[in-house]
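Nothing in this text is a laboratory measurement; each read-out follows from the coordinates by a stated rule. Keep in mind that this is a model prediction, so the values were computed, not measured. Note that each Cβ is placed from the backbone with ideal geometry, even for glycine, and that neighbours are counted across all protein chains shown.
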Amino acid sequence: IDIDDMNNIIDQFIDYIRHDSKDKAELGDLNVLVEEVLNVETPNDRIIHFNSSDCPKIPLRHVAIKRALANLVQNALRYTTGEIEVFTGYKKDKKYAYFIVSDQGDGIPEVDIERLFQPFTQGDTARGGEGSGLGLAIIKRIVDTHGGRVELSNKDSGGLQAKVYLPLKF
């Protein structure tokens with residue numbers, strides 16, 4: 001399989017999500033969406049802290065955004081053993097809401113960060129070698145089609161932070 005084949009698979013997956021009849025963008029509560037995902041994704045033996053902020057209702061494609069958040073949480077769980085934090089918030093002046101998934105793992109070498117959004121790319125051995133290498137590519141495509149953006153950054157305190165910005169209006 002080459003990258004073009006992989007991109008086609010991702011496109012099919014995104015089309016599948018986008019055309020889910022229940023997945024038109026509807027005004028929704030980002031905090032409720034995050035709680036729903038964390039209720040499903042938090043293993044019994046792990047701790048995920050949810051730090052919610054007041055957010056206005058924003059247009060959400062629920063199935064797609066839940067998938068993106070679930071993928072980020074699964075990545076944090078897979079690559080780290082410590083506690084994970086999830087935050088929500090919004091910037092009225094910047095016209096976006098956001099959620100952040102933050103872990104205390106080894107982080108990712110800066111040179112690898114942009115590359116990780118390409119299909120089939122995995123972090124170096126610091127993050128382990130499991131997974132298809134599709135997770136972040138799918139997350140990026142979901143968020144892009146939602147009019148938002150994703151940023152990965154290493155935290156000064158150690159660990160990786162993924163921040164997803166979503167528009168307050170379509």
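Suppose the chain between Glu36 and Lys94 were pulled fully straight at 0.36 nm per residue; how much longer would it get relative to their current alpha carbon spacing?
Values: separation 58, 0.36 × 58 = 20.88 nm, distance 2.63 nm.
That pair, Glu36 and Lys94, stretches by 18.2 nm at full extension.
Checking the table Lys91/Lys155; Lys66/Lys91; Lys95/Lys169; Lys66/Lys140; Lys57/Lys155; Lys95/Lys163 against a 19 Å threshold on Cα-Cα, which pairs fail? Could you put the intermediate results ahead of the total?
Values: Lys91/Lys155 21 Å; Lys66/Lys91 21 Å; Lys95/Lys169 8 Å; Lys66/Lys140 13 Å; Lys57/Lys155 29 Å; Lys95/Lys163 15 Å.
Checking Cα-Cα distances, Lys91/Lys155; Lys66/Lys91; Lys57/Lys155 exceed 19 Å.
Roughly speaking, what is the stretch gain from Glu26 to Gln74, that is 0.36 nm per residue apart minus the C-alpha to C-alpha distance, in nm to one decimal? Write down the numbers at each step before the final one.
Details: separation 48, 0.36 × 48 = 17.28 nm, distance 2.52 nm.
So the chain would gain 14.8 nm between Glu26 and Gln74.
Mind checking the dipole of the chain: about its Cα centre, +1 per Lys or Arg Cβ, -1 per Asp or Glu Cβ, Debye to the nearest 20? Kindly include the intermediate steps, with their values, before the conclusion.
On the way: 21 positive and 27 negative charges, 154 e Å.
Dipole about the Cα centre, nearest 20: 740 debye.
Name the residue farthest towards the positive end of the dipole of the chain from the options Ala97, Asn8, Leu152, assuming +1 on Cβ of Lys and Arg, -1 on Cβ of Asp and Glu, about the Cα centre.
Comparing the listed Cα positions along the dipole, Ala97 ranks first.
Provide the packing ranking of 50-60, 27-37, 95-105, i.e. peptides ordered by the mean count of other C-beta atoms within 10 Å per residue, highest first. Write down the numbers at each step before the final one.
Working: 50-60: 15.4, 27-37: 17.0, 95-105: 20.8.
Ranked by mean Cβ neighbours within 10 Å, highest first: 95-105, 27-37, 50-60.
For the chain, count the residues as N, evaluate 2.2 N^0.38 Å, and divide the Cα radius of gyration by that value, please.
Numbers: Rg = 15.5 Å, N = 170, 2.2 N^0.38 = 15.5 Å.
Normalised by 2.2 N^0.38 Å, the Cα Rg of the chain equals 1.00.
His49: net charge of surrounding residues, Cβ under 12 Å, Lys/Arg +1, Asp/Glu -1, itself excluded? Please list the in-between numbers first.
On the way: positive: Arg46; negative: Glu83, Glu85, Asp103.
Once positives and negatives cancel, what remains is -2.
Which whole-Hz couplings ³J(HN,Hα) result when phi for each residue of region 148-163 is put into the Karplus expression 6.51 cos²θ - 1.76 cosθ + 1.60, θ = phi - 60°, listed in order with x for Gly and Pro?
Result, rounded to whole Hz: x, 8, 10, 10, 9, 8, 7, 8, 4, 7, x, x, 10, 10, 10, 10.
Would you mind counting up the charge near Ala162? Only other residues with Cβ under 12 Å from its Cβ, with Lys and Arg at +1 and Asp and Glu at -1. Please list the in-between numbers first.
Details: positive: Lys140, Arg149, Lys155, Lys163; negative: Glu85, Asp103, Glu151.
Spelling it out: positives minus negatives among the neighbours equals +1.
Reachable aspartates and glutamates from Lys92, Cα under 15 Å, same-chain residues fewer than 8 places away excluded?
Asp54
What net charge is computed for the residues neighbouring Ile3, neighbours being all others with C-beta under 13 Å from the C-beta of Ile3, Lys and Arg scored +1, Asp and Glu -1?
Numbers: positive: Arg115; negative: Asp2, Asp4, Asp5, Asp11.
With Lys, Arg at +1 and Asp, Glu at -1, the net is -3.
Taking R0 as 25 Å, what's the FRET efficiency between Lys57 and Asp144 from their Cβ-Cβ distance, rounded to 0.05? Mind dumping the intermediate values first?
On the way: r = 22 Å, r/R0 = 0.87.
FRET efficiency, Lys57 to Asp144: 0.70.
Explain nothing, just the number: relative contact order of the chain, from Cα pairs under 8 Å at least 6 residues apart, as a whole percent.
Normalised by residue count, the contact order of the chain is 23 percent.
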